[in-house]
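First the structure, in the form of structure tokens, and then the observations on it.
The values are calculated or read from the model by the stated rules, or taken from the named source; none is laboratory data. Treat the numbers as computed from the prediction; the structure is a model and nothing was measured. Ideal geometry is used to build each Cβ from the backbone, glycine not excepted, and the neighbour counts take in all protein chains shown.
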Amino acid sequence: MENRPLCAKDVISRISEIGSLPQTLAAVLKTLNNQMSGAEEVAEVISKDVSLTFRVLRMVNSAQFGRRRKVTKISEAVVLMGLNSIKMLTLSSSVFGMVNDPELLRRCNIKRICRHLIETAINARSIAIETKYKEPEEAFVGGILHDIGIILMLLYFREKYLQVLDRMKADQKGITQAEKDVFGLTHGEVGAEIINSWSLPPKLAFVVENHHSPNATSMIPEEIELNNIIALADHLSLGPFDDYFPNVEENIEFVQLVGRKLNLNNTATNKIRRDSIPESIKLAEYLELDIGDILDILSEANNRLAELYFSLEKLYLEKQKLQTLVNGELIESTLESVQ
Ligand SMILES: [Fe+2]
Ligand SMILES: [Fe+2]
């Protein structure tokens, strides 16, 4: 199948064949989304996954929860941590478990993809809190899942998806254009399809499909709001690949446009971006996930900030220049009309 052009149907059907693969993820999400599920039921699902059980116990016994007595039972951990924290931890753990594929680890920078998902989720939750979106944890879940299409395409169409990465580098037109050129469809469309097949809330499928299109329309205002939150969070994070957002100035304009839609000022946006770095490092520790050397992460964050200021300054100067030109033309035409 790799040698002939793929159509949307091929991609979706191959992914549907393996739709049952992330079983823990689907089971955990279903249980957590069911308002009737109690701690015992959630604990039962978690207990079926050994590494997840270990992570939950590790987190509940960490300094953050300040317990003197060691917690050894998952049901007790669920009660102590609360369903929301459990949801965030289990979801992240299941998604990151999917990328733990030896061939994938050898061929691409998985650390960077994981870091992108963690940063986006943390940014999304902070934006949701700042803008008083009613379910900040839902924004976190959206952040972890928003690029699930990339993970699936990398897992099941590896060679073809590596062509997308080459195309992205060569054309500098961004990820969605490169995907359309190679596959004829985007990671958003693939991701939405799989979210629907897992029977997750339609709101999540909407944001997975549209997080690169902040002008996407919906009859449900909450879908638009959540999509804006994820779109902004995505742009505030380090991309999963080089050239994911090839143009820094377009990125800044995107951030400002979506920030305005969410009534978020620049100071709040910058604080969210700054705080996401230590929070991402902490979450990665809980998940025992290698997202890179801490010093590298911090120095890269500083470089990005410097690049951003440089571009902002350039944009400001260009606007000033434009304004001076417009003013000059106005004066000239006024003088002409007076003469
Ligand atoms: Fe994306
Ligand atoms: Fe993304």
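Brief remarks follow.
- Test: residue in the range 280-289 that is within 27 Å of GLN172 (Cα to Cα) and away from ligand 2 (no atom under 14 Å from the Cβ): no
- Whether a residue is among the β-branched types (Val, Ile, Thr), at negative phi, within 16 Å of ligand 2 (Cβ to nearest atom) and buried (at least 17 other Cβ atoms within 10 Å of the Cβ) was assessed, and ILE195 passes this test.
- Put simply, of ALA139, ALA170 the only residue that is in contact with a Lys or Arg (Cβ under 9 Å, 6 or more places away or on another chain), of a type in the set (A, V, I, L, M, F, W, C) and either more than 16 Å from ligand 2 (Cβ to nearest atom) or closer than 24 Å to ASN265 by Cα (or both) is ALA139.
- The range 216-251, subset among the aliphatic types (A, V, I, L, M) and touching a Ser or Thr at 6+ places or on another chain (Cβ under 6 Å), residue nearest to ligand 2 (Cβ to nearest atom): ALA233
- Selected residue (only one of GLU179, GLU225, GLU189 is outside any loop (DSSP other than H, G, I, E, B), away from ligand 1 (no atom under 14 Å from the Cβ) and over 20 Å from ILE118 (Cβ atoms)): GLU225
- Selection status of LEU145, of a type in the set (A, V, I, L, M) and within 11 Å of ligand 2 (Cβ to nearest atom): yes
- Hey, VAL258 under 29 Å from SER13 (Cα atoms), part of a helix (DSSP H, G or I) and within 14 Å of ligand 2 (Cβ to nearest atom) or not: no
- Qualifying residue in the range 75-88 (condition: within 16 Å of ligand 2 (Cβ to nearest atom) and either within 22 Å of PRO202 (Cα to Cα) or in contact with a Cys (Cβ under 7 Å, 6 or more places away or on another chain) (or both)): no
- Output for the range 204-227, where each listed residue is over 13 Å from GLY191 (Cα atoms) and of a type outside the set (Ser, Thr, Tyr): PRO214, ASN215, ALA216, MET219, ILE220, PRO221, GLU222, GLU223, ILE224, GLU225, LEU226, ASN227
- Qualifying residues in the range 155-167 (those that are over 16 Å from ASP242 (Cα atoms) and of a type in the set (A, V, I, L, M, F, W, C)) - the one nearest to ligand 2 (Cβ to nearest atom): LEU155
- Among the residues of the range 257-315, those identified as farther than 22 Å from ASN109 by Cβ, surrounded by fewer than 15 Cβ atoms within 10 Å (Cβ to Cβ) and modelled with pLDDT under 80 are ALA306, TYR309, PHE310, GLU313, LYS314.
- Boolean, GLY184 is more than 22 Å from PHE254 (Cβ to Cβ) and either more than 12 Å from the chain's Cα centre (by Cα) or part of a helix (DSSP H, G or I) (or both): yes
- If the condition is being aliphatic (A, V, I, L, M), in contact with a helix residue (DSSP H, G or I) (Cβ under 6 Å, 6 or more places away or on another chain), touching a residue at least 24 places away in the same chain (Cβ under 8 Å) and closer than 25 Å to GLU179 by Cα, then the range 253-276 contributes only VAL258.
- Applying the set (1) under 21 Å from ILE229 (Cβ atoms); (2) more than 14 Å from ligand 2 (Cβ to nearest atom) to PHE183 leaves exactly one unmet item: (1).
- For the range 128-155, filtering for residues that are free of Cβ contacts under 8 Å to residues at least 60 places away in the same chain, surrounded by 24 or more Cβ atoms within 10 Å (Cβ to Cβ) and not hydrophobic (A, V, I, L, M, F, W, C) leaves 1.
- Looking across the range 203-223, the residues that are within 14 Å of GLU138 (Cβ to Cβ) and either hydrophobic (A, V, I, L, M, F, W, C) or more than 17 Å from the chain's Cα centre (by Cα) (or both) come down to LEU204, ALA205, PHE206, VAL207, VAL208, ILE220, GLU222.
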